[in-house]
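*Asks:* One structure follows; several queries about it will come next.
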Amino acid sequence: MAWYADSSDYSYCLDCVRPGTKNIGWLDAHHPFDSGPLPSSSDLERLWRLSTVSCCLFRGLSRCPFCSAPFVWAEHEAGGLLLGNGELRAFGASGVIYAAPNMLVHYVVSHGYAPPVEFWDALRQGPLPPNLEYVAAMSRLDLQTVPTPASYPQMRTLGKRRLDT
């Protein structure tokens, strides 16, 4: 996966570029990133909800640059997610769109990544799945969007990380 500085203009997937879109959480092992304590349980819940809808999907899975696991599986009381094959979008109040790899929840929970405050503000103030306002905002972007299945039972025995909120 590519590295981009937080809040830089998004350019990862040319088919997914939309004006006003900023990068969040495009991490790699060769660039330092802001870290901090886990966010509040309500912010983690918002991040989980955002993680349930992916866009700009690609074939295969990106590996976490900080783990040795062959794939990343995140669990929540609502189900589990296989991560590393798409992107997320969050909508800020000022019209900014935040683009992140769908590994974002893993980076925050497992590696202490601290996204910028403006990203958390977007999650607190903007629409989130499954809200129809979020669906409408994604539709306006005209990106291939896929709700992520809540569980992959066959993957549960292969490896997992628990997201406790």
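*Asks:* Starting from the Cα-Cα distance between residue 57 and residue 40, subtract it from 0.36 nm times their residue separation and give me the gain in nm to one decimal. Walk me through the numbers on the way to the answer.
*Replies:* Numbers: separation 17, 0.36 × 17 = 6.12 nm, distance 2.88 nm.
My answer for the length gained is 3.2 nm.
*Asks:* Can I ask one more? Can you sort 106, 111, 30, 76 by how many other beta carbons sit within 10 Å, fewest first?
*Replies:* On the way: 106 25, 111 15, 30 7, 76 19.
Final ranking by Cβ density, sparse to dense: 30, 111, 76, 106.
*Asks:* Quick check: from the Cα gyration tensor, does the stretch 15-113 come out rounded (a/c under 1.5), prolate or oblate?
*Replies:* Because its axes are fairly even, with a/c under 1.5, the stretch 15-113 counts as rounded.
*Asks:* Classify the chain as rounded, prolate or oblate, taking a ≥ b ≥ c as the square roots of the eigenvalues of its Cα gyration tensor: rounded when a/c is under 1.5, otherwise prolate if a/b is larger than b/c and oblate if not. It would help to have the intermediate numbers written out before the result.
*Replies:* Details: a/c = 1.31, a/b = 1.21, b/c = 1.08.
Judged from the Cα gyration tensor, the chain comes out rounded (a/c under 1.5).
*Asks:* Length gain on complete extension for the stretch residue 124 to residue 13, per 0.36 nm per residue less the alpha carbon to alpha carbon distance? Spell out each step's value before the answer.
*Replies:* Values: separation 111, 0.36 × 111 = 39.96 nm, distance 2.64 nm.
Using 0.36 nm per residue and subtracting the Cα-Cα distance, I get 37.3 nm.
All of the numbers you see were taken from the coordinates with simple rules; none came from a lab. All figures in this text were calculated on a predicted structure; none of them were measured in a lab. Note: ideal-geometry Cβ built from the backbone for every residue, glycine included; neighbour counts use all protein chains shown.
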